[in-house]
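Coordinate-derived values only; no laboratory data. These figures come from a predicted structure and were not determined experimentally. Methodologically, a virtual Cβ is constructed for each residue, glycine included, from the backbone with ideal geometry; neighbour enumeration extends over all protein chains shown.
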Amino acid sequence: METTAIGNPIIRQVFESNYISRDLSWLQFNYRVLDQARHIDRSIFDRLKFLSITSSNLDEFCTIRLGSLYNYLDYGKERFDYSGLREQPFRELLLSQIHSFVLEQHEYFIRKLKPLFEKNGFIICPYLSLSPEDTEKVNQYFKKVVFPMLTPMVFDSYHTFPVLRNNRLLFGVVTQVPNDSANPQRVSFIQVPSNIPRFYELLSPDGLIRFVPVEDIVRHNIHHLFRNVEIDSVNLFRINRNGDFTLEESEDIESNFLEELKRKLQTRRSGRVVRMEVQGDPDPWMMRLLKIQWDLDDLNVMRIPTDSLIDLGGLAQIIGHPEFKTKRASVRPPVKPLSFPEQGTRDLFEVLKERDILLHHPYNSMEPVLELLEKAAEDPYVLSIKITIYRLAKDSRVTAALLKAAEAGKHVSVLFEVKARFDEENNLREAQRLQKAGCFVIYGVSSLKTHTKLLLIVRNEPNNRVYRYVHLSSGNYNETTSRLYTDIGLLSTNEVYANDVSEFFNVITGHSQPSAYQNLITSPRDMRIQLCNLVRREADNAQQGLPAGIVIKLNSLQDYELINELYAASQKGVKIKLIVRGMCCLRPGRAGLSENIEVISIVGEYLEHSRIYYFHNAGQAKVYIGSADAMVRSFDRRIESLFLLESDLLRQQAMNILRYNLRDNVNSYQMKEDGTYTIKEQNGEPPFNVHTEFYKVTREIVEEVRLF
């Protein structure tokens, strides 16, 4: 973290806190993603992919986390960051850090990646470098396709300020107003359409593909929209609006819930501006006007170099171009699960009567889950299907199976979480399709967000014996992301799991209050206290001289109470190893506080998404997997579940996932006490890359795993 103009006392306070700022820690995560673009052994297209991800990550961060901070600022609410900073000094620190990140992001794009384009078969070609023949092609494209879609929106004493769209390329055109000495200038805004390609493509005779940015085409043809008017300046910019609704959500969320959600989607398009990107040196008069209009200062404004691009997420058109398909990293075919080597040759209904199956995606395919659903939809003995859905793939096989089951007269209950961030519209649409087909659809539970991933299939066998098939998972029912995200799931007919899952569905779809679950830990009911108790047990064991140890793998660690329990356990001698992909508010390695805690982060080809909680338990290991990160929102404001692994083989598999993650020295970063990260050193060891080693796991490797 660099010392900035806000002064050393602020930086010192951040460092002295026993907790790391959630938002500053997230920025460190995005630096690790940016680091993936620096891997020279990757193709230029995969390096651009990671650069593009950092851009879309930052958009979401500004929309939600920076937006959340502005809820406090704009509503006059008091807020203390984990570092103890109040809302205004923290705003200054956070925006200064975002500035530093954006500068590094674009400098790397310009200096290191752009020079590689031509030898890889393409260039991003400025309008002014086109030949006369190509300029005519581009101008005709503008005239026929782009021009009819553009609408200048003037702002002056006769016109109200227009609502400019979130995350859209925008032009501010400053023009002269003749015969008005009091107001000699006027500004008009033009939104670049989002439903046309970001680049116009030109193919050279030598096979080189030239990508001409659409904003460059509009800029050089913008005079067609201002005939007989003198243009002072043409300014390209983009805005992020507040999309966090924490303070605006209705307490009585059940009343007209769907209509309320639709209104919120509208406010996301018109919420207050929290960040503005401008290219080059924008017109000072226009910038002064926009800052006043949107209540911004220089910290909110990010200046993007003219030889870079506003919104690097637009590179997706180049990254995904069919011409470069063979040059991008290919997804490896999955291997068969250790607990289901007969995949594809035996009836899954029958196999699950014999044993549980653990799936580790993407190394194992999601096909068994989809097969189970699709078989259940058509099987005459299946009576009902219940499922929780958070995110779905486009043209989802899950939706298709549920529709087929409903049409066949089976009882289908679907808890559709329509508050899944940025998937709200798609989830609403899919939920309404299912409802029309006769499914019993629940649109979320009260003010809670349903994040747990559960499936229950009830089947009355020909011998009149009823079996309940369950699936419990850390990942979404999304067959597309299952090939890119590492997740873990369990398929079972175990009656203990079946009873727990059945009871859980009764709670979330009805009005039941369970007395106890056997293998399930749930939130917002008791997940925090149960996890804290498991940590305390390790601390007690360590004090009594018994073996103790904790290994936890998750996306985010932020909950104060659990962090404090981990600190206390560390001080009693418990060795704690944390694998936290994203933000981590725990400060490791601090003398007298967390000397026995190590934190690593794995960021690489796959997005680490599985959650595994391991407690040594004096040699009788307890291992939980499920959907929950250790966050306040996960424990208090979400419906989540973790479930205990009963089978010895499956427990060993989960432990091996943790062991391999701890061994990784290719994708792994070590967290330092100050909250920054360094690449884990190999120290003479051969490279060990979890994203390839998991394809080679054998039963023998798994059976000999010991973590402590």
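Between 0 and 90 degrees, the angle of helix 495-509 with respect to the longest Cα principal axis of the chain falls at about 40 degrees. Kindly provide log₁₀ I(q)/I(0) values, in the same order as q = 0.19, 0.23 Å⁻¹, from the Debye equation applied to equal alpha-carbon scatterers of the stretch 8-115. So the normalised log intensities work out to -0.96, -1.21.
Tilt of helix 284-294 relative to the longest C-alpha principal axis of the chain, in degrees (0 to 90, nearest 10)? Helix 284-294 sits roughly 40 degrees off the main axis of the chain. Diffusion coefficient of the stretch 521-703 by Stokes-Einstein, Kirkwood radius over Cα pairs, 10 °C, 1.306 mPa s: 95 µm²/s. Using DSSP, restrict attention to beta bridges with both residues in the chain and report what percent are antiparallel, rounded to the nearest 5. Of those bridges, close to 70 percent are antiparallel.
With the cut-off at 43 Å, report for the chain the share of all Cα pairs above it, as a whole percent.
Values: 77987 of 250278 pairs.
Percent of Cα pairs beyond 43 Å in the chain: 31.
Remind me, relative contact order of the stretch 348-516 in percent, using alpha carbon pairs under 8 angstrom and six or more residues apart? Show your work: numbers first, answer last.
Working: 305 pairs, mean separation 49.4, N = 169.
Value for the stretch 348-516: 29 percent.
A Cβ-based charge dipole, computed about the Cα centre of the stretch 348-516 with Lys and Arg at +1 and Asp and Glu at -1, lands at about 340 debye. For the pair E230 and I110 in one chain, pulling the backbone fully straight at 0.36 nm per residue adds 39.9 nm over the alpha carbon distance.
Counting Lys and Arg as +1 and Asp and Glu as -1, each charge on the Cβ, what is the dipole of the chain about the Cα centre in debye, to the nearest 20? Spell out each step's value before the answer.
On the way: 88 positive and 91 negative charges, 101 e Å.
In debye, rounded to 20, the chain gives about 480.
Where Lys and Arg each count +1 and Asp and Glu each count -1, what net charge lies around I639 among other residues with Cβ under 12 Å from its Cβ?
Values: positive: K419, K449, K453, R525, R633, R637, R638; negative: E417, D636, E640.
Here the count lands on +4.
Out of every Cα-Cα pair that the stretch 348-516 contains, those further apart than 22 angstrom amount to 40 percent. Computed across the stretch 597-708, the Kirkwood radius stands at 15.7 Å (inverse of mean 1/r, all Cα pairs). Dividing the mean sequence gap of close Cα pairs (under 8 Å, 6+ apart) by how many residues the stretch 91-198 holds gives a relative contact order of 20 percent.
The value given for the stretch 276-346 is a Kirkwood hydrodynamic radius of 17.2 Å, derived from the mean inverse Cα-Cα separation.
How high is the relative contact order of the chain, given as a whole-number percent (alpha carbon pairs under 8 Å, six or more residues apart)? Could you put the intermediate results ahead of the total?
Details: 1258 pairs, mean separation 80.0, N = 708.
Value for the chain: 11 percent.
Per the Kirkwood formula applied to alpha carbons, the stretch 120-327 shows a radius of gyration over Rh ratio, Rg over Rh, of 1.02. Calculate I(q)/I(0) for the stretch 111-219 by the Debye formula, one identical point scatterer on each C-alpha and no solvent, and give its log10 at q = 0.10, 0.15, 0.20 Å⁻¹ to two decimals. Relative scattering, expressed as log10 I(q)/I(0), comes to -0.42, -0.78, -1.08.
Show me 542-552, 694-704 ranked by packing, highest mean number of other Cβ atoms within 10 Å first.
542-552, 694-704
Starting from the Cα-Cα distance between Y560 and R355, subtract it from 0.36 nm times their residue separation and give me the gain in nm to one decimal. Show your work: numbers first, answer last.
Values: separation 205, 0.36 × 205 = 73.80 nm, distance 3.87 nm.
Here the segment from Y560 to R355 would lengthen by 69.9 nm.
When the C-alpha to C-alpha distance is required to be over 21 Å, the pairs from K575/K672; K577/K680; K577/K622; K114/K144; K419/K622 that qualify are K114/K144; K419/K622. In this calculation the C-beta distance from T135 to E495 is compared with R0 = 51 Å, giving a FRET efficiency of 0.10.
A simple spin-label model places the labels of H159 and K327 4.2 nm from each other, with each point 7 Å out along Cα-to-Cβ. Think of it as helices only: each DSSP H run of n ≥ 4 in the chain is worth -39500 (n - 2.57), and spread over all residues that comes to -10000 deg cm²/dmol at 222 nm.
Summing +1 for each Lys or Arg and -1 for each Asp or Glu among the other residues whose beta-carbon sits under 10 angstrom from that of D487 gives +1.
Report the local net charge at S601: Lys and Arg +1, Asp and Glu -1, summed over other residues whose C-beta lies under 12 Å from its C-beta. Mind dumping the intermediate values first?
Values: positive: R32, K553, R581, K672, K680; negative: D35, E598, E608, D664.
Once all neighbours under 12 Å are counted, the net charge is +1.
Averaging 1/r over every pair of different alpha carbons in the stretch 436-581 and inverting the result gives a Kirkwood radius of 18.2 Å. Return one number: the angle in degrees, 0 to 90 and rounded to the nearest 10, between the long axis of the Cα atoms of helix 367-378 and the longest principal axis of the Cα atoms of the chain. Taking Cα atoms only, the helix is inclined about 80 degrees.
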